[in-house]
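Everything below concerns the one structure shown next.
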Amino acid sequence: MNASTKLQDKSDKISELESDLGPDYIPSDTEEFMNEKQLRYFELQLHRWRNEILEESRGTLNQLQDGPIREPDLNDRASSETDWGIELRTRDRQRKLIGKIDAALRRIKEGEYGYCQVTGEPISLARLRARPIATMTLEAQERHERQERISRDD
């Protein structure tokens, strides 16, 4: 399967999810937690986010393929190289984010999405809407971060 076929499959998946949900659907606490409609909503959000990141990456790749920085002035060249360094670090963070998005999509398929990996409790819908890749409740995340700070200080 080539890259354009995979891209078309992803676009088809997004279109299918959009048509299932309708334009105004937002998960609500009055519904059963992680019902089929909520799962489709988060799957759609994750697929959109993933595609957005990949589109930005393709733009960066196209710019890199245009050739080396050809600024005649040394200060301009240094500035351009700094900008590229920042851009490449951003792409690296986004590459890692793609892995987290893929893991969240796997959790949806496996029926584990929306539940804290530490406590097993439901993660709030508000937290999942803000950060669809969340794997812990806010309380569990805060405990985890406190423990990390303590271990770093040791």
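The values are calculated or read from the model by the stated rules, or taken from the named source; none is laboratory data. Owing to the predicted nature of the structure, the values given are computational and were not obtained by experimental measurement. Methodologically, a virtual Cβ is constructed for each residue, glycine included, from the backbone with ideal geometry; neighbour enumeration extends over all protein chains shown.
Within segment 131-154, the set of residues being surrounded by 14 or more Cβ atoms within 10 Å (Cβ to Cβ) and more than 28 Å from I26 (Cβ to Cβ) comprises just one member, R143. In the set L125, L97, L105, only one residue is under 15 Å from S57 (Cα atoms) and either in contact (Cβ under 8 Å) with a residue 40 or more places away in the chain or among the polar types (S, T, N, Q) (or both); that residue is L97. No other residue among Q94, Q117 is polar (S, T, N, Q), within 12 Å of the chain's Cα centre (by Cα) and either at pLDDT below 95 or surrounded by 11 or more Cβ atoms within 10 Å (Cβ to Cβ) (or both) apart from Q94.
Would you say L128 is buried (at least 18 other Cβ atoms within 10 Å of the Cβ), at pLDDT 95 or above and not assigned by TED's automatic domain parsing to the domain that holds K100? For L128, the condition - buried (at least 18 other Cβ atoms within 10 Å of the Cβ), at pLDDT 95 or above and not assigned by TED's automatic domain parsing to the domain that holds K100 - is met. At pLDDT 80 or above, touching a helix residue (DSSP H, G or I) at 6+ places or on another chain (Cβ under 6 Å), outside any loop (DSSP other than H, G, I, E, B) and not small (G, A, S), is that true of L46? So L46 fits the description; yes. For segment 80-91, the set of residues classified as surrounded by 13 or more Cβ atoms within 10 Å (Cβ to Cβ) and of a type in the set (G, A, S) consists of S80 only. Taking (1) farther than 21 Å from D12 by Cβ; (2) modelled with pLDDT of 80 or more; (3) not polar (S, T, N, Q) in turn, P72 satisfies each apart from (2). Specify which of the listed residues (G85, G120) is of a type outside the set (A, V, I, L, M, F, W, C) and outside any helix (DSSP H, G or I). The unique qualifying residue is G120. Among the conditions (1) in contact (Cβ under 8 Å) with a residue 60 or more places away in the chain; (2) of a type in the set (D, E, K, R); (3) in a loop (DSSP other than H, G, I, E, B), E112 misses just one, which is (1).
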